[in-house]
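The values are calculated or read from the model by the stated rules, or taken from the named source; none is laboratory data. All figures in this text were calculated on a predicted structure; none of them were measured in a lab. Positions of Cβ are backbone-derived with ideal geometry, glycine not excepted, and every protein chain shown enters the neighbour counts. When the accessible area is computed, the model is the full protein with side chains, heavy atoms only, and any ligands, DNA or RNA have been set aside. Shrake-Rupley method; radii C 1.70, N 1.55, O 1.52, S 1.80 Å.
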Amino acid sequence: MNQTVKQFIQDHEADMIEMRRHLHRHPELSLEEFETTRYIAKQLDQLGLTYRLMEPTGVMTEIKGAQPGKTVLLRADMDALSIHELNDHIDYQSQNEGKMHACGHDAHVAMLMMALKALLSVKYSIRGTVRFIFQPAEEIGRGAKLMIEQGVLDDVDNAFGIHIWSMDQAGLVNCNVGPTFAAADRFYIHFKGSGGHAAQPHLTKDAVVMVSQYISQVQNIISRTIDPMESAVLTIGKVEAGDRFNIIAENAKLEGTVRTFDAATRDTVEQEMQRFAEKIAAMYGGTVEFQYDRLLDPVVNERHSAELVHRITKETFGEEFVGNFPPKMVAEDFGEYNNHIPGAFATVGARSETNGAIYPHHHARFNVDEESLKVGAELYAQYALEYLNQADF
């Protein structure tokens, strides 16, 4: 591993932490990251790097090494969430009411910028090109697609990303071979009946009966049509029905999400959900509108890329920092890059009972152990160097 990079990050750790805290104070929602974009651009101006501002937000820049070679892309997302922060014990609490970096994207930007600065210090030993992208709108699943449409993957051979992970102890690196984050889909189902007086049910077609039957039966798709060796989660998160206690509902609506890793499993769940809805609506004399949107594909780590992460982690931080945890049912739009080029996506633990960083992602008290930032920054930088310096990958 490159010791100059390691030392650079250690020497400038305080700067990275301050950058993360600045971003935490000034969170911006998806596709509204205008000040964040300007802040990143200002940092690049100070380094004398040229860059491209993406539309509507986001930044792309490169470091070209002294020797020709492949191109590796390093990615960090930068959007926040519409959450009112409850961390009133810190001096870098969000100053933007109702907005919060409750998923760690502030840490991602700080880690990638530090990796960029460290790699710039060893620019003449780089064989090839390192492309850096600061991506908007991960939280709504649109950012990666927008960046790809604007050409960030042109001439790129490999992509690497990191997500801070609040469930793992600070510094623990996890990077599965194969599926690591799930595909995320959203469904909307509208049962339509014929309403009427609660005292005259025989004159109606009760949409509440339809939706209740659907809710009670639909989990059978997971337990009885999906191979038990495959993983699938079906969650109904929202139900709306009825107008008044003594009126039989004409309409009932529900929304939810499906998470899968396998393409065939994904197809089966969608098809069976629609079949169940249509059969139940017909059984009770109603109709149904079924909408199923495939939001994000799974994140699938290419074997050699994931194994490279394992080796770097072991050699740089020690065997005890190599995690071996199963894939996660949460989703990440880094999978969009995987659809085009090989690469890997790792998590870096940021949990610390001592520092109170114990809350899950998207929680109003979410925070990270800032000791994890130097691990993420170095992992970014060492991955780029090791990938580019391999004779054959």
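Odds and ends about this structure:
- Protein accessible area in the chain, 1.4 Å probe - carbon and sulfur %: 48
- Accessible area, probe 1.4 Å, largest first, for residues 266, 275: 275, 266
- For residue 154, the solvent-accessible surface computed with a 1.4 Å probe is close to 90 Å², ligands and nucleic acids excluded.
- The range 63-107 residues near the modelled residue 238 label - backbone nitrogen below 18 Å, point 7 Å along Cα→Cβ: 81-84
- Stokes-Einstein diffusion of the range 183-296 at 10 °C, 1.306 mPa s viscosity, Kirkwood radius from Cα pairs, rounded to a whole number: 109 µm²/s.
- Kirkwood Rh and Cα Rg combined as Rg/Rh, the chain: 1.05
- Å² per residue, accessible surface of the chain at 1.4 Å: 43
- Over the chain, Cα pairs under 8 Å with separation of 6+ residues give a relative contact order of 25 percent.
- Exceeding the 22 Å Cα-Cα cut-off - candidates 117/374; 145/374; 192/238: 145/374
- For the chain, a crude dipole built from +1 on the beta carbon of Lys and Arg and -1 on the beta carbon of Asp and Glu, taken about the Cα centre, is about 340 debye to the nearest 20.
- For the chain, with +1 on Lys and Arg beta carbons and -1 on Asp and Glu, the positive-most of 140, 10, 288 along the dipole: 288
- Solvent accessible area, Å² - residue 82, 1.4 Å probe, full protein context: 90
- Estimated [θ] at 222 nm from DSSP helical runs (n ≥ 4, -39500 (n - 2.57)) normalised by residues in the chain, nearest 500: -10500 deg cm²/dmol
- Projecting the Cα positions of 381, 355, 59 onto the charge dipole of the chain (unit charges on Cβ atoms of Lys, Arg, Asp and Glu, taken about the Cα centre) puts 59 furthest along the positive direction.
- The range 166-257 - percent relative contact order, Cα under 8 Å, separation 6 or more: 39
- Simple spin-label estimate for residue 320 and residue 390 in nanometres, 7 Å along Cα-Cβ: 2.8
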